[in-house]
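Heads up: the structure comes next, in structure tokens.
What follows is calculated from the coordinates using simple rules that are stated; it is not laboratory data. Because the structure is predicted, anything quoted here is derived from the model rather than measured. Using ideal geometry, Cβ is built from the backbone for each residue, glycine included, and neighbour counts are taken over all protein chains shown.
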Amino acid sequence: MIIIKAGGSAITKKSEDFTPNMEVISNLAQEIKEAGRVSILVHGAGSYGHPIAKKYSLGKGYFDDYQLKGFSETRASVSELDSIVLKSLMKNGLTPVKIGTFSNFITSNGRIVEFHKEPLLRAIELGLLPVFTGDLVFDRTRVFSILSGDQIVSYLSRLLKPSRVVFGTDVDGIYTGDPKKENVKLIDTVTEENIKEVFKFAKDTGDASGGMEGKLSEILPIFDMGIEIDVINLTKKGNLAETLRGNVKGTVIKKKNISK
Ligand code: ATP
Ligand code: IP8
């Protein structure tokens, strides 16, 4: 089983609100179809979710009624992006099925405490491609919370123990700093020897779910299970296909002593 997280930085244009990157979405769908081995797709919210979530401070949980407008708008906007992704997958001959994040997850203090897993397990059994999106959910301590696609991937990895997990963003992998802001080097391999150091390089890009820093903290429990995590650039056509063939063009995160 392979789980893919298609980052919002790749499938949307993060600098332009509510703008999908249709080319990336279409390549993603094509390459998933060609590979034929992807079991779950999780995608981020990108410019469909983060700007509104920030505007209404939804990441802080509920503190004022004015946020409710932002809550509705964010959920509607994220659904729009989800529809675009689902349509592209269907156009490429896949049979995706949306597994609603809002309806199936509950968090407490921002962390998943409940997941209604039967729809996911039955979809996998039937041969459908389950699709999740980062979204807003109800939270037992904060009333509501942002649930990132990265946390969903981490949770599902613990539940289903996939053979591999692929995170795709708009940069070539994990660098020694933010490649959009600094002159940095790509880290091609992360093992138990350098993982702590790599954490220091991951920057919170200021989006609503912790940016690369948040992503790495969700990757850590997957790493601890001995599962290979590949962080690749999804905006480059063919990168995902190559990675799924075992020729990773990006950062490979894996414990040294555990074979593939
Ligand atoms: P979304 O949350 O919308 O799904 P995403 O999963 O694609 O987005 P981001 O949270 O936008 O990912 O994080 C990717 C961004 O992190 C890159 O565009 C890059 O500019 C930034 N970044 C910060 N530090 C690093 C680092 N050390 N290595 C690589 N990228 C980094
Ligand atoms: O893009 C965030 O999910 P992510 C969801 O996977 C919202 O981090 C609503 C901003």
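Loop-resident GluC sites (Glu not before Pro) (DSSP state other than H, G, I, E or B) in the stretch 1-48 with no more than 15 further Cβ atoms inside 10 Å of their Cβ: Glu16.
Arranged from fewest to most other beta-carbon atoms within 10 Å of their beta carbon, Val113, Val42, Val137 become Val113, Val137, Val42.
For Leu129, the amide hydrogen comes within under 5 Å of the amide hydrogens of Thr95, Val97, counting only partners 5 or more places away or on other chains and with H modelled in the peptide plane. When the Cα positions of Gln67, Met225, Ile112 are compared along the charge dipole of the chain, Met225 comes out farthest toward the positive end, with charges on each C-beta of Lys, Arg, Asp and Glu.
Net length available on complete extension from Lys200 to Leu68 is 44.0 nm, with 0.36 nm assigned per residue and the Cα-Cα distance removed.
Taking chymotrypsin sites (Phe, Trp or Tyr not before Pro) as exposed when DSSP calls them loop and at most 15 other C-beta atoms lie within 10 angstrom, the chain has its longest site-free stretch at 67-260. Model label points for Lys161 and Lys54, set 7 angstrom from Cα along the Cα-to-Cβ axis, are 4.0 nm apart. Annotation: amide H of Tyr175 within the under-5 Å range of Ile187, sequence separation 5 or more or interchain, hydrogens built in the peptide plane. Dipole magnitude for the chain: about 380 debye, using +1 per Lys or Arg Cβ and -1 per Asp or Glu Cβ, origin at the Cα centre. Charged side chains reduced to their Cβ positions (Lys and Arg at +1, Asp and Glu at -1) give the stretch 120-166 a dipole of some 180 debye around its Cα centre.
Tell me the mean residue ellipticity at 222 nm calculated for the chain from its helices only (DSSP H runs of n ≥ 4, each -39500 (n - 2.57), averaged over every residue, nearest 500). Roughly -12000 deg cm²/dmol at 222 nm, from the helical runs in the chain. For Ile99, Ile4, the sequence from fewest to most other C-beta atoms within 10 Å is Ile99, Ile4. The phi-based Karplus calculation (6.51 cos²θ - 1.76 cosθ + 1.60; θ = phi - 60°) puts the 3J(HN,Hα) values of the stretch 46-55 at x, 6, 8, x, 4, x, 6, 4, 6, 4 Hz, whole numbers, x for Gly and Pro. Segment Glu16..Lys185, full-extension length gain: 58.1 nm, with 0.36 nm per residue of separation and the alpha-carbon distance subtracted. Cross-link pairs exceeding 24 Å between alpha carbons, from the set Lys13/Lys91; Lys14/Lys236; Lys33/Lys255: Lys33/Lys255. Set Lys and Arg Cβ to +1 and Asp and Glu Cβ to -1, take the dipole of the chain about its Cα centre, and tell me which of Leu186, Ile84, Ser9 lies farthest positive. Positive-end residue among those listed: Leu186. Checking the Cα-Cα distances for Lys5/Lys181; Lys181/Lys254; Lys5/Lys200; Lys69/Lys185 against a 30 Å cut-off, the pairs over it are Lys69/Lys185. Computed extension length for Val143-Glu23: 39.5 nm, one decimal, from 0.36 nm per residue of separation with the Cα-Cα distance subtracted. For the chain, the share of DSSP beta bridges that are antiparallel, to the nearest 5, is 40%.
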